[in-house]
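Asker: Got a structure for you, questions after.
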Amino acid sequence: MIKSVSLKSAIKDAIEIFQFDLWMRFHFVTEKDDQLWIAIPEDVMARIQDEHPALHRLADMVNDTAIDYKRAQENVCAYVSARLDGQKYDPSVLPQVFDNAAFKIEMYIFNLWMKMHESHLDEEYMGFAEWLEMYEGWNSLDEVKEYRAKLVNSGADPGDPTCTTTQ
């Protein structure tokens, strides 16, 4: 099997995984035994299986487990590595993803969107597809496009997130 060497596609796939992780942590973190846990209801797991089968493995991996920032980062990086590095993409591609400005800027913009819309996102549960649809609507605004262009043109490094567990 020939593995892809497309950095652009690898960035897109990695971004989707990171966004999915943020969506899960936003909606399904609960407190249990003085720890934070991911607790995804069975009906949501079934919906994830139907609508996002490639991401279901990540949801299954983290469901009913204790979670903190370090574990979340390790889980996502391990999942990205297992699913993409050497599987879908040539091993030379994935190490380039996390240092790429397009990846960092997109994740920075997504986190900014989450912070700006937190109260709205908190009002009612939205599936991952609905989150992405809402994000894309906001992302298509002229102000957001201008801000993104400034980030790209400035050469600034938003520095978020990082993954050090890829092979």
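Asker: Over the chain, what percent of the accessible surface lies on carbon and sulfur atoms, probe 1.4 Å?
Answerer: 51
Asker: Can you tell me the dipole magnitude for region 1-109 around its Cα centre, using point charges on the Cβ only (Lys, Arg +1; Asp, Glu -1), in Debye to the nearest 20?
Answerer: 480
Asker: A further question follows. Return the distance in nm (one decimal) between the two label points of a simple spin-label model at GLU31 and ALA101, each offset 7 Å from Cα along Cα→Cβ.
Answerer: Using points 7 Å along Cα→Cβ, the separation is 4.3 nm.
Asker: Another question, if that's okay. If I take R0 = 22 Å and measure r between the Cβ atoms of ASN153 and ILE15 in this structure, what FRET efficiency does the formula 1/(1 + (r/R0)^6) give, to the nearest 0.05?
Answerer: 0.60
Asker: Suppose all protein chains stay in the model; what accessible area per residue would a 1.4 Å probe give for the chain, in Å²?
Answerer: 56
Asker: Would you work out which of SER92, LEU112, MET126 lies farthest towards the positive end of the dipole of region 42-135, given +1 charges on the beta-carbon of Lys and Arg and -1 on that of Asp and Glu, about the Cα centre?
Answerer: SER92
Asker: At 0.36 nm per residue, and after removing the present C-alpha to C-alpha distance, how many nm does the segment from GLU118 to VAL144 gain when stretched out fully?
Answerer: 7.6 nm
Asker: Grab the eigenvalues of the alpha-carbon gyration tensor for region 108-155, scale each by 5, take roots, and send me the semi-axes largest first in whole angstrom.
Answerer: 23, 11, 8
Asker: Hey, another quick one. So what are region 7-154's ellipsoid semi-axes, whole angstrom, largest first, if each one is the square root of 5 times an eigenvalue of the alpha-carbon gyration tensor?
Answerer: So the equivalent ellipsoid measures 25, 21, 14 Å along its semi-axes.
The values are calculated or read from the model by the stated rules, or taken from the named source; none is laboratory data. Computed from a predicted model, the values in this text were never measured in an experiment. As a convention, Cβ positions derive from the backbone with ideal geometry for all residues, glycine included, and neighbour counts pool all protein chains shown. Note: accessible area is taken over every heavy atom of the protein model, side chains too, but ligands, DNA and RNA are not part of it. Shrake-Rupley method; radii C 1.70, N 1.55, O 1.52, S 1.80 Å.
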